[in-house]
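What follows is a set of notes on a single structure, which appears directly below.
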Amino acid sequence: MKYLVVLFLFTLGFPAAAQVAAPSADSPASKEQILKLFDVMDIRKQSRLMMASMEQQMRTTNVEAMKARYPRITPQQLDRVNKISEESMKDFPVDAMLDDMIPIYQKHLTTTDVDAMITFYSSPTGKKLMQQMPQITREAMQASNARVQKHIQAVLQHVDDMMKEDQEQQK
């Protein structure tokens, strides 16, 4: 009889325990879900491709900014600047950055959200988007380069003006 009571209580408690353990649609996505999303999106490869695209864009922007700021800069000095930029991008810790992003995704996305994203990025359209994203990003960066360059020049001019004012005030 004692065993039947224990078995009865266990049977009643088991569905309740299963409900507590199973994530609801509104619960935050699990780390495993986020990692699966990253895999479906091939985010490591995409991140590396975007970093390479950014490095190329930064090189163009840096060269133009350096020439404007230092009109007498030599080709050898520009090569050194480019090598510094290239080295910094090559050693960029993509995997560590993705690990840092997992809690952020979990904070903002539910299990339902991530499941829907996994479904989308597993679809032909989602795969095409991810395949085309580096080229889209590259072209978008090229299209906005003149605007970025103009903004950088304005910021550099503002810094130069501030430095001149400070020097004049010190005199």
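Using per-residue counts of other Cβ atoms within 10 Å, averaged over each peptide, order 139-145, 113-119, 34-40 from highest down. List each step's numbers first, then the result.
Details: 139-145: 12.9, 113-119: 16.6, 34-40: 18.1.
Top of the packing list down: 34-40, 113-119, 139-145.
Under 19 Å Cα to Cα from Lys128, which lysines show up? Leave out anything in the same chain fewer than 8 places away.
Partners found: Lys36, Lys45.
For Lys31, go through the lysines and keep the ones whose alpha-carbon is under 16 Å away, minus same-chain ones fewer than eight residues off.
Correct list for Lys31: Lys107.
Where does the range 60-171 land on Rg(C-alpha)/(2.2 N^0.38 Å)?
Working: Rg = 21.3 Å, N = 112, 2.2 N^0.38 = 13.2 Å.
Taking the Cα Rg and dividing by 2.2 N^0.38 Å, one obtains 1.61.
Residues in the range 65-97 near a label at Ala154, defined as backbone nitrogen under 17 Å from the 7 Å Cα→Cβ point?
Inside the label zone: 65.
Do the sum for the chain: with -39,500 (n - 2.57) for every DSSP H run of n ≥ 4, divided by all residues, what is the mean residue ellipticity at 222 nm, to the nearest 500 deg cm²/dmol? Don't jump to the answer; show the numbers that get you there.
On the way: 7 runs with 147 residues, N = 171.
Calculated mean residue ellipticity at 222 nm is -30000 deg cm²/dmol.
Read the figures in this text as sums done on the coordinates, not as results from a lab. Everything numeric here is computed off the predicted structure, so don't read it as measured data. Here the Cβ is made from the backbone with ideal geometry for all residues, glycine too, and neighbour counts use every protein chain on show.
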